[in-house]
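Only one structure is covered here, and it is reproduced in the block below.
The values are calculated or read from the model by the stated rules, or taken from the named source; none is laboratory data. From a predicted model like this one, the values you see are computed outputs, not experimental measurements. FYI the Cβ positions are ideal-geometry reconstructions off the backbone, even for glycines, and counts take in every protein chain you see. What goes into the accessible areas is simple: the full protein's heavy atoms, side chains included, and nothing from ligands, DNA or RNA. Shrake-Rupley method; radii C 1.70, N 1.55, O 1.52, S 1.80 Å.
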Amino acid sequence: MSDNEVVMKVENLNKFFPMKKSVFSRAKHFLHAVDDINFEIKKGKVLSLVGESGCGKTTTGKTLLKLYEPTSGKITFLGKDVTYIQSSEDRKWFHSRTQMIFQDPFESLNPRKTIFDIVAEPMNIQNFGTLRKRELMVMEILKRVGISPPDAFLWRYPHELSGGQRQRVAIARALVMKPEFVVADEPTSMLDVSIRTQVMKLMMELIKEMNMSFLYITHDLAVARYMADEIIVMYLGRIVEHADSEELINNPFHPYTKALISAVPVPDPEFKRKSVEIKGGIGKPIDPLPRCRFYDRCPFAMEICAQKEPELIEVGKNHKVACFLYNQERR
Amino acid sequence: MADNANMTVEPAEAKLESPISIRMKLMWRAFKENWKIFSQSKIGMIGLYIVVIFAVAGFIVYPILAATVWKTTSLNAMVSYNPVTGYDFLQNNPAAPSWAHLLGTDPLGRDVLAQLLYSTPREFMLGIVAALITVIIGTLIGTVAAYFGGALDTFFMRLADIVLLFPFIPFLIVISGMMEVDLLTLALIIGLLSGFGGITIVLRSQGLIIKSRPFIESAKVSGASDAYIIVNHIIPNVMPLSFLYMMFNVTGAIFSEAVLSFFGLLNIKMSWGLMIYTADTAGYIIGSNIWNYWWLWLPSGASITLLCGAFYFIGRGLDEVVNPRLRKR
Amino acid sequence: MRPILELRNLKMYYDTQAGQVKAADDVSFVLNEGESIGLVGESGCGKTSISMSIMRLLPENARIISGNIFFDGKDMVKLSNDEMNKIRWAGIAMIFQAAMNSLNPVYRVGDQIIEAITTHEPNVTFEEARQRVASLYKLVGLDPERMDNYPHEYSGGMKQRAVIAMSLACNPKLIIADEPTTALDVIVQDTILRELEKIQRKLNMSMIYISHDIAVIAEVASRIAIMYAGKIVEMSDSVTIFKRPAHPYTVGLMSSFPSIRGEKKELVTIPGEPPNLLNAPDHCRFAPRCPFATDECWKHMPSYAEVESNHFVACFHPQNLKKRVSANV
């Protein structure tokens, strides 16, 4: 596989949740959790989905890994269309090459299983290799993530480990079968500050070493800047801006991106931060009207913003924005 | 590359034990830890002592006694301590406690203590078999309903509602009128009936909680099938609760049997409830007789109460083991 | 500037089954009226324990071993629970962690604040209390019309403002805010922080901010105390802490946050894990993770001393100091 090859490609991905009153009633309203998402991730690259709660970033990640079925759209993985996979062979092929790292180090490990069982689980499910081979691979990956000496930890239970160690075990589990594509859902937000940096650095090393494609989901722009090559900013299910990390941070276009950047507290007491005034709070994208979803809160809202949904347009090298401020259409 | 392989294989081989011995050691360690927590609960330990006393009495003491002291007696070759068919010609039956009969005899001349001890293992088996069936059905249905949700879930929950409202004892009375009910049949019926009832609702709730935890999603991401997740993740996390409820179900089963025997509806040879029934039909529990002939109902009644209570207490003691939040800091 | 709160050599320990946990170990600081101080540290460093000790909201197995907590001149450690009740809320108010969850879901928000008022000031009539709630709402940026809504009708940011309003209800002299914005999205966090700053200036309120996020603390607190393993390891005004941190832990912390401004820099990791406070050792508790640790650090506990004007450090090898200091014993 060449280094420029696209590992994961997402086209017009939609995930709508029906809001039903009971098991037997028909849904009249739909929650547009993920609405027309397009991106691609090349081999060895890290893409970050950034946004506040309810923007759809976690749902996108889970839909890519088949925890949800997409409502419509196309997902292409390693050249194959995996939008709806039926045969068990295809499923096995897909799941052995994709993995996920979860946010909560306490809840993502089954408390009744030993560390060995937890890390070996992907291999157990896929029926991969002999028992001896699995033991060796578990020990190897545990050592690589910093759980050392591995044989001292193999037969311990999660509650005997600290939060940082548990998250390392979760990473080990995700990487034991050397997947091509990994989704990480806020993997450091529940860790102590001094451990966070350790885990982030570990992930960066492993990404380079194993040349994996990573989708890093976070609400923290500073972390996204550090970890990712490209950043996508999402708002209420839609992409509002997409650019290379440094470009997005230093040269934001969309009012929401600007607000996000200016709202981040700066660890410098002498820095006078001026935050962009945006009013109101985040709603829910239920049966959204055909207009810009940021219209209610945008300080630069214009008439056209209430009439049509803005499309993503190029405003620079590899830099796209969905905003009528930059769209020739505005009248 | 070959050198590397050798280096990793050798030290690893030396340290890896056979998986079975490791699992055994882990289970033993887990057992010891749980025991430490359980033994701190006074109420649980009291229950455990009572159950152990009854178990020893029924499974060890009685067979020894039956084989030795009671089979041969030097007094009279015709005195037999058989709890069902024995008859003591020497006394006016029912006879008050004496050295020959430590708890006296019943209206039919049988030794009360022998009856008590003979019934003990049977009560145990009844309780445990019924409870096991209940818990197995409840766990399977509860976890499957929780995992799949939808119409399946709704169906089993409404069924459970109906079972909860079901008039249990009258139903058993009707059944016993239609067929011969012995202890094993009774255990099966109680097990099946309760299995679809309240316990399913509780275990299904627990299953729902487990279903939403991220380690389930992690298994799905690795490609796990529904059956794998239910068997490997949901059931092991529900089992402590199942085990807990099993204790309470033993109580219910023993008590139901006692009630039915009291009405004379069961086709069994001897049980504690039957002892009270015998005394009642012979008129020894009415009026002033009740205190004059206390040995006819007090030992059996007390045994029912104590054994039922004991299992309940064990259940209470297990609560802290199963639910870590209840433990003392 | 007179001191409103002074902690002097406070020691608060927990007794657990596994041993003694020294949650707060010899902590001292002074807070002046109208000032805001930030307590920064990771989980288990003792910052929440200190706030609980000040409010005397300690669990059964926690005890204040020694030390004083002077509030407005009076030592609160010696007060009875009844006397503490008078101080709580009216003298010192607290905004708990994840405060949005500390609103009772079955009562209207306005009523809950009124309850706080009438509990501490029984002479206030219902009408007066409602007036006060209305003006509090305006102060925190909420619409007074929404006083009669239930908590679930509020958004996360609104709930946080309501809780802030509740803490101000009885005009306290001091507010302790424990991670006031951790559960909020970054834009809402920004709004709440500016709100808190505005209120503090307007009412000349003394505040203690507790957080693990140094960026948040940088914006709201004029003085910062860095805590580690139950002790304050460094304290100074916020500019000094950020620009010239002395304690190696502070140095590490400052370089381990990814920043959104300026050049993209390499992150520095602090190796190892936060310490276990169970049976804590009698030498510098940061030694296992410190790049500057020497033999001395493993044998003795550094004392908390003023190394520069208004700059306290507990370390044998403080960094970045303007002038050399003699070895700290």
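A few comments on the model shown:
- Qualifying residue in region C:65-80 (condition: on the phi > 0 side of the Ramachandran plot, open to solvent by less than 30 Å² (accessible area, probe 1.4 Å) and in contact with an Asp or Glu (Cβ under 9 Å, 6 or more places away or on another chain)): yes
- Check on B:Ala302, small (Gly, Ala, Ser), at pLDDT below 90 and surrounded by fewer than 22 Cβ atoms within 10 Å (Cβ to Cβ): no
Residue-wise test of (1) touching a residue at least 40 places away in the same chain (Cβ under 8 Å); (2) within 30 Å of A:Val264 (Cα to Cα); (3) touching a helix residue (DSSP H, G or I) at 6+ places or on another chain (Cβ under 8 Å); (4) not charged (D, E, K, R).
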| position | (1), (2), (3), (4) |
| --- | --- |
| A:Ala33 | yes, yes, yes, yes |
| A:Leu49 | yes, yes, yes, yes |
| A:Gly56 | yes, yes, no, yes |
| A:Gly61 | yes, yes, no, yes |
| A:Leu64 | yes, yes, no, yes |
| A:Lys92 | no, no, yes, no |
| A:Ser96 | yes, no, yes, yes |
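- Strands (runs of 3 or more DSSP E) within region A:1-87 that include 1 or more residues open to solvent by 30 Å² or more (accessible area, probe 1.4 Å) and in contact with a strand residue (DSSP E or B) (Cβ under 8 Å, 6 or more places away or on another chain): A:6-19, A:29-42, A:72-77
- Qualifying positions in region C:255-272 - at the interface with chain A (Cβ under 7 Å from one of its Cβ atoms), in contact with a Pro (Cβ under 9 Å, 6 or more places away or on another chain) and touching a residue at least 12 places away in the same chain (Cβ under 8 Å): C:Phe257, C:Leu267, C:Ile270
- Candidates B:Leu274, B:Leu241, B:Leu266: the one that is buried (at least 20 other Cβ atoms within 10 Å of the Cβ), within 14 Å of chain A (Cβ to nearest Cβ) and not acidic (Asp, Glu) is B:Leu241.
For (1) touching a Cys at 6+ places or on another chain (Cβ under 8 Å); (2) closer than 18 Å to A:Thr58 by Cα; (3) more than 14 Å from chain C (Cβ to nearest Cβ), each residue gets a yes or a no:
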position: A:Arg156; (1), (2), (3): no, no, yes
position: A:Arg166; (1), (2), (3): no, no, no
position: A:Arg173; (1), (2), (3): no, no, yes
position: A:Glu186; (1), (2), (3): no, yes, no
position: A:Met190; (1), (2), (3): no, yes, no
position: A:Gln198; (1), (2), (3): no, no, no
position: A:Leu202; (1), (2), (3): no, no, no
position: A:Asn211; (1), (2), (3): no, no, yes
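Results for (1) open to solvent by less than 20 Å² (accessible area, probe 1.4 Å); (2) part of a helix (DSSP H, G or I), shown as yes or no for each residue.
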position: B:Phe171; (1), (2): no, yes
position: B:Gly177; (1), (2): no, yes
position: B:Glu180; (1), (2): no, no
position: B:Thr185; (1), (2): no, yes
position: B:Val202; (1), (2): no, yes
position: B:Gly207; (1), (2): yes, yes
position: B:Tyr228; (1), (2): no, yes
position: B:Asn232; (1), (2): no, yes
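- Within region B:109-134, the only residue that satisfies the criterion of being in a helix (DSSP H, G or I) and touching a strand residue (DSSP E or B) at 6+ places or on another chain (Cβ under 9 Å) is B:Val112.
- Filtered by the rule that a residue be polar (S, T, N, Q) and more than 15 Å from the chain's Cα centre (by Cα), region C:14-45 gives C:Thr16, C:Gln17, C:Gln20.
- Against the numbered list (1) in contact with a Phe, Trp or Tyr (Cβ under 7 Å, 6 or more places away or on another chain); (2) surrounded by 16 or more Cβ atoms within 10 Å (Cβ to Cβ); (3) not assigned by TED's automatic domain parsing to the domain that holds A:Gly51, A:Glu309 comes up short only at (1).
- Residue match in region C:28-49 (condition: of a type in the set (Ser, Thr, Tyr), on the phi < 0 side of the Ramachandran plot, open to solvent by less than 40 Å² (accessible area, probe 1.4 Å) and in a strand (DSSP E or B)): yes
- Among the residues here, A:Glu241 qualifies as in contact with a strand residue (DSSP E or B) (Cβ under 7 Å, 6 or more places away or on another chain), of a type outside the set (A, V, I, L, M, F, W, C) and more than 12 Å from chain C (Cβ to nearest Cβ).
- Within region B:79-128, the residues that satisfy the criterion of being open to solvent by 40 Å² or more (accessible area, probe 1.4 Å) and within 15 Å of B:Phe59 (Cβ to Cβ) are B:Arg122, B:Met125, B:Ile128.
- Screening B:Leu152 with (1) farther than 30 Å from B:Ser205 by Cα; (2) open to solvent by 20 Å² or more (accessible area, probe 1.4 Å) gives one miss only, at (1).
- Out of B:Phe248, B:Phe166, B:Phe171, one residue alone is closer than 28 Å to B:Ser261 by Cα and out of contact with any Gly (no Cβ under 8 Å at 6 or more places or on another chain). It is B:Phe171.
- Residue within region A:314-322 that is surrounded by fewer than 21 Cβ atoms within 10 Å (Cβ to Cβ), free of Cβ contacts under 8 Å to residues at least 40 places away in the same chain and either within 14 Å of another protein chain (Cβ to nearest Cβ) or assigned to a loop (DSSP other than H, G, I, E, B) (or both) present: no
- Pick from region A:95-121, criterion within 8 Å of another protein chain (Cβ to nearest Cβ), touching a strand residue (DSSP E or B) at 6+ places or on another chain (Cβ under 7 Å) and not in a loop (DSSP other than H, G, I, E, B), ranking: farthest from B:Pro214 (Cα to Cα): A:Thr98
- Restricted to region A:143-152, and to residues there that are of a type outside the set (Lys, Arg) and away from chain B (no Cβ under 12 Å), the residue that is farthest from C:Thr182 (Cα to Cα) is A:Ser148.
- Elements of type helices (runs of 4 or more DSSP H) in region C:76-164, at least 2 residues being β-branched (Val, Ile, Thr): C:109-120, C:126-140
- The single residue among A:Glu186, A:Glu209, A:Glu230, A:Glu180 that is under 27 Å from A:Ser96 (Cα atoms) and without any contact (Cβ under 8 Å) to a residue 60 or more places away in the chain turns out to be A:Glu209.
- Subset of region C:116-158 [of a type in the set (Phe, Trp, Tyr) and crowded, with 19+ Cβ neighbours inside 10 Å]: C:Tyr137, C:Tyr154
- Among (1) in contact with a Leu (Cβ under 8 Å, 6 or more places away or on another chain); (2) at pLDDT 90 or above; (3) farther than 30 Å from A:Ala174 by Cα; (4) of a type outside the set (D, E, K, R), the one test that B:Val181 misses: (2)
- Residue selected from region A:11-40 under the condition farther than 19 Å from A:Val321 by Cβ and polar (S, T, N, Q), by the criterion farthest from the chain's Cα centre (by Cα): A:Ser25
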